[in-house]
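J.: One structure, as structure tokens, below. Some questions next.
The values are calculated or read from the model by the stated rules, or taken from the named source; none is laboratory data. Note that this is a predicted model, so its numbers are computed, not measured. Every residue, glycine among them, receives a Cβ derived from its backbone with ideal geometry; neighbour counts consider all protein chains shown. Just the protein is used for accessible areas: all its heavy atoms, side chains included, with ligands, DNA and RNA removed. Shrake-Rupley method; radii C 1.70, N 1.55, O 1.52, S 1.80 Å.
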Amino acid sequence: MNKTYISDAGRFEGQDVTVNGWLYNKRSSGKLWFLLVRDGTGLIQAVVSKADVPEESFAACERATQESSLSVSGRIAPDKRAPGGYELQVKSVVLHQTALDYPITPKEHGTPFLMDNRHLWLRSSRQTAILRIRHEIIRAIRDFFDSNGFTLVDAPVFTPAACEGTTTLFETQYFDEKAFLTQSGQLYMEAAAMALGKVYCFGPTFRAEKSKTRRHLTEFWMVEPEVAYADLDDDMALAENFLSAVVGRVLETRKEELKTLERDTAPLEKITPPFPRISYDEAAKMLKEKGVAFEYGTDLGGTDETVISEAFEKPVMVHRYPAEVKAFYMKNDPSDPSKALCVDVLAPEGIGEVIGGGQREDDLETLLAKIKKHGLPEQAFDWYLDLRKYGSVPHSGFGLGIERTVGWICGLPHVRETIPFPRMLNRLKP
RNA sequence: UGGGGCGUAGCAUAGCUGGCAAUGCGCCUGGCUGUUAACCAGGAUACCGAAGGUUCGAGUCCUUCCGCCCCAGCCA
């Protein structure tokens, strides 16, 4: 008998097939069983009539519990009453393993409980939908850069020092010396851009920030493109084309999953280039007009970002922040040296920052002075400074947080559900 | 690290002014040939987060501690 995945069941209408999967739920009506079977590709209702199956198959239905593994064989038939439109008219049931006391029931649960059972929670339809969309987003990211002349260059996870001295790093023993888990691959991408022109890295990054918010993880994935001879305007153009391509791909290929998540796709349909661009000064003026208490010269807070992003239907690109609040490697604006040539992309619907980037300082002396000013160990950056000694050029790049992007596109309130096994301040397990 | 909230059965909750700890899901037993988070009848399951205190009596009031959630800071 043919094996089939549930997503392909329609192709076997009228034929006998075997579906291998797990029991999602079951209902009985005397001499009739309705088994809702999932296999990772979908759900199908298997109808077992006592008169049509061997005695042991019917007994197996009685013993089968939620998440027991089983194989059901029978005829695929269209049926309006069945979820998915097709049902399996069962001829035999084989129970592989009986799941006892599966903790996640079809009713409501709290987040801490579900997170403790994350390894099982992944089986639920909402979670599989999120994971498929995450996969599609990652694929779209790779496709975008790969088809635009970028080369993938992997950055190391063990690093000798901070890329940005301001944030906290995870420290680890590296034989006889200390090492840190990377918080960004950017400095390495700058080196790679001088070799290959257009590069990107994609991998996990780590930040030991003790932040307990809906948009922070201690381990998260970031994609970081870096382009030689690109200025801030080129960088913003890249960001808007990139983000639009990613959102467009999910809308195109993952409609079903977005529906499962009850995501209103209308706001996503509007994500096309160009994006509005406003300077930090304009953003500050906007906040003042809206009556938000905001101190000029400071970084934008979460609430400020929400207020600004809610004023636009598309992602907003806020550029030229005060240089003082930004990292040492940012280039100052020649027309106003108090500002940095940087950009934050704030996603709409109150999501906030998903991209941070800008043009890098390319002058050796200026960069050296900034490293000193930030109190960073000059010695650790000797290789980085080499990039300004040997054929320095203007260059720009940005970092996009995968989890925040997945959360935005899926319409999730918290990033913890956007990654299979989240690492947070209070969570290292499972 | 600050501000706010919450810990009651495997899970989700109720529990008023201190007086026999309740309901739903799940589980067990039985019934039903078209169920849609099925339904109907019956049953088992609680060191009420921990320690101390007030009281004749504490899930409930007080103190300390532990854990979690939300918001802020930091950021992607």
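J.: Extension gain A:GLU324-A:GLN97, at 0.36 nm per residue separation less the Cα-Cα distance, in nm? Please list the in-between numbers first.
T.: Working: separation 227, 0.36 × 227 = 81.72 nm, distance 6.12 nm.
Extra length from A:GLU324 to A:GLN97 when fully extended: 75.6 nm.
J.: For A:ARG38, A:ARG139, A:ARG81, give me the order by solvent-accessible area with a 1.4 Å probe, most accessible first, ignoring ligands, DNA and RNA. Provide the component values of the computation, followed by the final result.
T.: Values: A:ARG38 25, A:ARG139 110, A:ARG81 200 Å².
The most accessible residue leads, giving A:ARG81, A:ARG139, A:ARG38.
J.: As a test question: what accessible area, to the nearest 10 Å², does A:GLU224 have when a 1.4 Å probe is rolled over all protein chains in place?
T.: Accessible area, nearest 10 Å²: 10 Å².
J.: Can I ask one more? Taking 56 Å as R0, compute the FRET efficiency from the Cβ-Cβ separation of A:LYS107 and A:ASP231 and round it to 0.05. Mind showing how you got there, number by number?
T.: Working: r = 55 Å, r/R0 = 0.99.
Once rounded, the FRET efficiency stands at 0.50.
J.: Give me the one-decimal nm value for the distance between modelled label points at A:PHE158 and A:ALA293, 7 Å along each residue's Cα-to-Cβ direction.
T.: So the two model labels end up 4.8 nm from each other.
J.: Rg and Dmax of region A:2-97 over Cα atoms: what are they, in angstrom?
T.: 11.6, 31
J.: If A:TRP121, A:TRP408 are ordered by their accessible area, calculated over protein heavy atoms with a 1.4 Å probe, which sequence runs from highest to lowest? Walk me through the numbers on the way to the answer.
T.: Values: A:TRP121 25, A:TRP408 0 Å².
Sorted by accessible area, descending: A:TRP121, A:TRP408.
J.: Compute the separation of the alpha-carbon centres of region A:106-183 and region A:40-100 and state it in Å as a whole number.
T.: One Cα centre to the other: 37 Å.
J.: Moving to a separate point now. For region A:329-430, state what percent of all Cα-Cα pairs lands in each successive 10 Å bin, counting from 0 Å until the bin that includes the largest distance.
T.: P(r) for region A:329-430, in whole percents per bin: 13, 30, 25, 25, 7, 0.
J.: Related question: Report the far tail of the P(r) of region A:172-246, meaning the percent of Cα-Cα pairs longer than 15 Å. Kindly include the intermediate steps, with their values, before the conclusion.
T.: On the way: 1862 of 2775 pairs.
Cα-Cα pairs of region A:172-246 separated by over 15 Å account for 67 percent.
J.: Got a number for carbon plus sulfur as a percent of region A:118-417's accessible area, 1.4 Å probe? Let's see the in-between values first.
T.: Values: 6800 of 13310 Å².
With neighbouring chains kept in place, the figure for region A:118-417 is 51 percent.
J.: With runs of 4+ DSSP H residues as the only contributors, calculate the mean residue ellipticity of chain A at 222 nm using -39,500 (n - 2.57) per run, divided by the residue total and rounded to the nearest 500. Provide the component values of the computation, followed by the final result.
T.: Values: 13 runs with 129 residues, N = 430.
That comes out to -9000 deg cm²/dmol.
J.: OK, next. Can you count the Lys pairs in region A:2-97 with C-alpha separation below 19 Å, eight or more apart or on different chains? Write down the numbers at each step before the final one.
T.: Working: A:LYS3/A:LYS91; A:LYS26/A:LYS50; A:LYS26/A:LYS80; A:LYS26/A:LYS91; A:LYS31/A:LYS50; A:LYS31/A:LYS91; A:LYS50/A:LYS91.
Close lysine pairs under the 19 Å cut-off: 7.
J.: Express the relative contact order of chain A as a whole percentage, based on alpha carbon pairs under 8 Å and six or more residues apart in sequence. Mind dumping the intermediate values first?
T.: Numbers: 827 pairs, mean separation 56.7, N = 430.
The normalised contact order for chain A reaches 13 percent.
J.: Find, among the trypsin sites (Lys or Arg not before Pro) in region A:275-368, those assigned to loop by DSSP (not H, G, I, E, B) with at most 16 other beta-carbon atoms within 10 angstrom. Display every interim value, and only then the final one.
T.: Working: sites: A:ARG277, A:LYS285, A:LYS288, A:LYS290, A:ARG320, A:LYS326, A:LYS331, A:LYS339, A:ARG360; in loops: A:LYS290, A:ARG320, A:LYS326, A:LYS331.
Those that pass, being in a loop and sparsely packed, are A:LYS290.
J.: When the convex hull of the Cα atoms of region A:118-417 is projected onto a plane and the area is averaged over all directions, what value comes out in nm²?
T.: If you wrap the Cα atoms of region A:118-417 in a convex hull and average its projections, you get 16.3 nm².
J.: Shifting gears a bit: With every protein chain left in place and a probe of 1.4 Å, what is the accessible surface of A:VAL19, to the nearest 10 Å²?
T.: 0 Å²
J.: Now, a different point. Taking all protein chains in place and a 1.4 Å probe, what share, in percent, of the accessible surface of region A:2-97 do carbon and sulfur account for? It would help to have the intermediate numbers written out before the result.
T.: Numbers: 2370 of 4910 Å².
Percent of accessible area from carbon and sulfur atoms in region A:2-97: 48.
J.: Calculate, for A:THR151 and A:LEU251, the FRET efficiency according to 1/(1 + (r/R0)^6) with r their C-beta to C-beta distance and R0 22 Å; round to the nearest 0.05. Mind dumping the intermediate values first?
T.: Details: r = 28 Å, r/R0 = 1.27.
After rounding to 0.05, the efficiency reads 0.20.
J.: Using Cα centres only, tell me the gap between region A:389-425 and region A:208-252 in whole Å.
T.: 6 Å
J.: Cα-based Rg (one decimal) and Dmax (whole number) for region A:95-185, in Å?
T.: According to the Cα coordinates of region A:95-185, Rg and Dmax are 20.5, 57 Å.
J.: Which net charge results for the neighbourhood of A:GLU403, defined as the other residues with beta-carbon distances under 10 angstrom from its beta-carbon, given Lys and Arg at +1 and Asp and Glu at -1? Each step should come with its number before you reach the end.
T.: Values: positive: A:ARG134, A:ARG215, A:ARG404, A:ARG416; negative: A:GLU219, A:GLU417.
Neighbour charge sum, excluding A:GLU403 itself: +2.
J.: For region A:295-430, what is the number of Lys pairs with C-alpha distance below 12 angstrom, counting only pairs 8 or more positions apart or on separate chains? Before the final figure, lay out the partial values.
T.: On the way: A:LYS326/A:LYS339; A:LYS326/A:LYS370; A:LYS331/A:LYS339; A:LYS331/A:LYS370.
Final tally of qualifying lysine pairs is 4.
J.: How much accessible surface does A:ILE278 have with a 1.4 Å probe, in Å² rounded to 10?
T.: 20 Å²
J.: Heavy-atom accessible area per residue, chain A, 1.4 Å probe: how many Å²?
T.: 48 Å²
J.: Along the charge dipole of chain A, Cβ charges K/R +1 and D/E -1, which of A:PRO103, A:VAL48, A:VAL325 sits furthest on the positive end?
T.: Highest projection toward the positive end goes to A:VAL48.
J.: So for A:HIS119, A:HIS395, A:HIS96, what's the accessible-area order with a 1.4 Å probe, most first? Let's see the in-between values first.
T.: Values: A:HIS119 90, A:HIS395 5, A:HIS96 110 Å².
The ordering from most to least exposed comes out as A:HIS96, A:HIS119, A:HIS395.
J.: Also, quick follow-up: Once you put a point 7 Å from the Cα of A:LEU428 and another 7 Å from the Cα of A:ALA266, both along the Cβ direction, what distance in nm separates them?
T.: 4.7 nm
J.: Let me ask something additional. Which FRET efficiency value, to the nearest 0.05, do you get for A:LYS212 and A:SER335 by plugging their Cβ-Cβ distance into 1/(1 + (r/R0)^6) with R0 = 45 Å? Before the final figure, lay out the partial values.
T.: Working: r = 40 Å, r/R0 = 0.89.
It comes out at approximately 0.65.
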